[in-house]
1. Scan region 412-426 and give yes if some residue there is touching a residue at least 24 places away in the same chain (Cβ under 8 Å), assigned to a loop (DSSP other than H, G, I, E, B) and touching a Phe, Trp or Tyr at 6+ places or on another chain (Cβ under 9 Å), otherwise no.
2. Tell me yes or no: at least one residue of region 355-364 is over 11 Å from PHE404 (Cβ atoms), free of Cβ contacts under 8 Å to residues at least 40 places away in the same chain, assigned by TED's automatic domain parsing to the domain that holds SER305 and not acidic (Asp, Glu).
3. Could you list, ordered by first residue, the pairs with Cβ atoms under 7 Å in which the first is in region 83-100 and assigned by TED's automatic domain parsing to the domain that holds ALA45 and aliphatic (A, V, I, L, M) and the second is surrounded by fewer than 15 Cβ atoms within 10 Å (Cβ to Cβ) and at pLDDT 80 or above, at least 6 apart or interchain?
4. Quick one: is ARG340 basic (Lys, Arg), on the phi < 0 side of the Ramachandran plot and surrounded by 17 or more Cβ atoms within 10 Å (Cβ to Cβ)?
5. Exactly one of (1) among the polar types (S, T, N, Q); (2) farther than 30 Å from MET419 by Cα; (3) assigned to a loop (DSSP other than H, G, I, E, B) is unmet by SER305. Its number?
6. Kindly evaluate ALA308 against the criterion of being over 29 Å from GLY442 (Cα atoms) and either in contact (Cβ under 8 Å) with a residue 24 or more places away in the chain or more than 23 Å from the chain's Cα centre (by Cα) (or both).
7. Residues of region 382-400 being in a loop (DSSP other than H, G, I, E, B) and either of a type in the set (Asp, Glu) or free of Cβ contacts under 8 Å to residues at least 24 places away in the same chain (or both), which ones?
8. Quick one: LYS361 ticks every box in (1) in contact with a Phe, Trp or Tyr (Cβ under 6 Å, 6 or more places away or on another chain); (2) under 27 Å from GLU409 (Cβ atoms) bar one, so which box is it?
Amino acid sequence: MHAITLSVMDKHFQAFMAKLSAVGIYEKREDPSVKSVADALDKIASAFEEYKKTNDARIEAVKSGNSTADLDLKLSRIDNHIEALGEIKTRLEKMETKLARPGFDAGKQDGESREDVEYRHAFIDWVRAPNDHERQQKAVQAFKALEAKSVDGLERRSTQTVVGTNAAGGYALPKMIESTIARLSVDISPIRQISTVRQVGTTDYHELFDINGAGFEWLGEGDTRNQTNTPDLAEVVPTFGMASAKPQASEESLDDLFFDVESWLTSSVADTLALGEGAAFVSGNGTKKPTGFLAGTTPVATADSSRAFGVLQYVASGQAAALPTSVDTFYDLVYALRARYRTNARWVTNKLILAALRKYKDTTNNYIWQPSTVAGEPATFLGYPITEAEDMPAVAANAFPLAFGDFREGYLIADRVGMRITRDEITTPGFVKFYCRKRIGGKIRNSQAIKLLKIATS
């Protein structure tokens, strides 16, 4: 299995290197021969050093009134090069992670019971041949055995019950496949990686949040104990939507015993769900989908002490339609956040904004964006890590293209337990579609833990 995995990964890597070769590498250098995460880190550091030299030269050219066209082009090429190397680094890290995981095989996986294994194998048989009565019955019997042996049989029955045959509604995904999809989605979805994620048994989920905490008083020995103020509680209710993925495979591939149906299904569903939910967690309107952290109540400039719970605070860029001209604005954004949240805070923005952040310097003329020099660690800005989320808005008047805060504290993602799948082999002749459904919710959890940069003069 590992040999097959390595072969597939090698194909992906070669394809990505081909993509990289199409990028205009600065100064016509040969493509970097990146064979490890360490190689990628070294080349990123080297590229950023040249980026700084080129940008410094551009600044001097502007001061002297000289043309910067060539330098602008070179900066763009270096920037693309850094981005490409960062993607290679991320891909290599994921490859290493996948190789460290136990592969899907006929044996028992970590956390699986014998009944889990039997149902997983019976389920895959059904995926390949749903009209085979023997295989269908095998899947049903395997699930019933799993349910009977389960300690939480009542919960499993309410969340993962097999609903008759394929025509009647399909089957619940085996626990191991569902958990793998969830794990792969975390690898792909940037907001899910940094937020609080709850597994819930119902879409009617409520979470109480203590806004100000219980009151207190100082006492001396023998003093009367007075009753303190009661805590101020707020209710956080995530909005849910049905996320649907529809991977499609040819009938010939399903008939091929060497086609890894399980890995294909998990990766396809995980990719689709992660891309869809990523946009919802940022800007979802709450109608049949999660409410994104940018789509709640309109953010205001009011400080935490007087701002309503659930409303985010923004810091203006000082420019009507551009990023700040001074790094001081970013410091204002950082220190608008309470110290308790700055410990685990990070920046969230898109690729274009990230490219612009690379050019900012502090008062001592040092660049405040720093590339990652440690495997598994992101680049930093003002010493805080950066999460790249492509669904963040672009720079435009009144937009919020940059967020800063502790997202574990600030944003809640709720996953309804249980994922269902239905097979469709009628709609497109020669191909089989698999309709996978899962309920996902999201909502701002603590509005004091996230701050926004608004493109505006005030």
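The values are calculated or read from the model by the stated rules, or taken from the named source; none is laboratory data. If you're wondering where the values come from, they're calculated on a predicted model, not measured in any experiment. We place every Cβ from the backbone using ideal geometry, glycine too, and count neighbours over all the protein chains shown.
1. First, the residues of region 412-426 that are touching a residue at least 24 places away in the same chain (Cβ under 8 Å): 412-423, 425.
Pick out the ones that are also assigned to a loop (DSSP other than H, G, I, E, B) and you get 417-419, 425.
Subset that is touching a Phe, Trp or Tyr at 6+ places or on another chain (Cβ under 9 Å): 425.
Within region 412-426 (the criterion being touching a residue at least 24 places away in the same chain (Cβ under 8 Å), assigned to a loop (DSSP other than H, G, I, E, B) and touching a Phe, Trp or Tyr at 6+ places or on another chain (Cβ under 9 Å)), the answer is yes, since at least one residue qualifies.
2. Residues of region 355-364 that are over 11 Å from PHE404 (Cβ atoms), as a first pass: 355-364.
Next cut, free of Cβ contacts under 8 Å to residues at least 40 places away in the same chain only: 356-357, 360-364.
Now narrow it down to the ones that are assigned by TED's automatic domain parsing to the domain that holds SER305: none.
Checking region 355-364: not a single residue is over 11 Å from PHE404 (Cβ atoms), free of Cβ contacts under 8 Å to residues at least 40 places away in the same chain, assigned by TED's automatic domain parsing to the domain that holds SER305 and not acidic (Asp, Glu).
3. Listed pairs, sorted by first residue: LEU92/SER36.
4. On the way: basic (Lys, Arg): yes; on the phi < 0 side of the Ramachandran plot: yes; surrounded by 17 or more Cβ atoms within 10 Å (Cβ to Cβ): no.
No, not satisfied.
5. (3)
6. On the way: over 29 Å from GLY442 (Cα atoms): no; either in contact (Cβ under 8 Å) with a residue 24 or more places away in the chain or more than 23 Å from the chain's Cα centre (by Cα) (or both): yes.
In short, no.
7. Here is the first cut: in region 382-400, the ones in a loop (DSSP other than H, G, I, E, B) are 382-383, 389-400.
GLY383, GLU390, ASP391, listed by residue number.
8. It is condition (2) that LYS361 fails.
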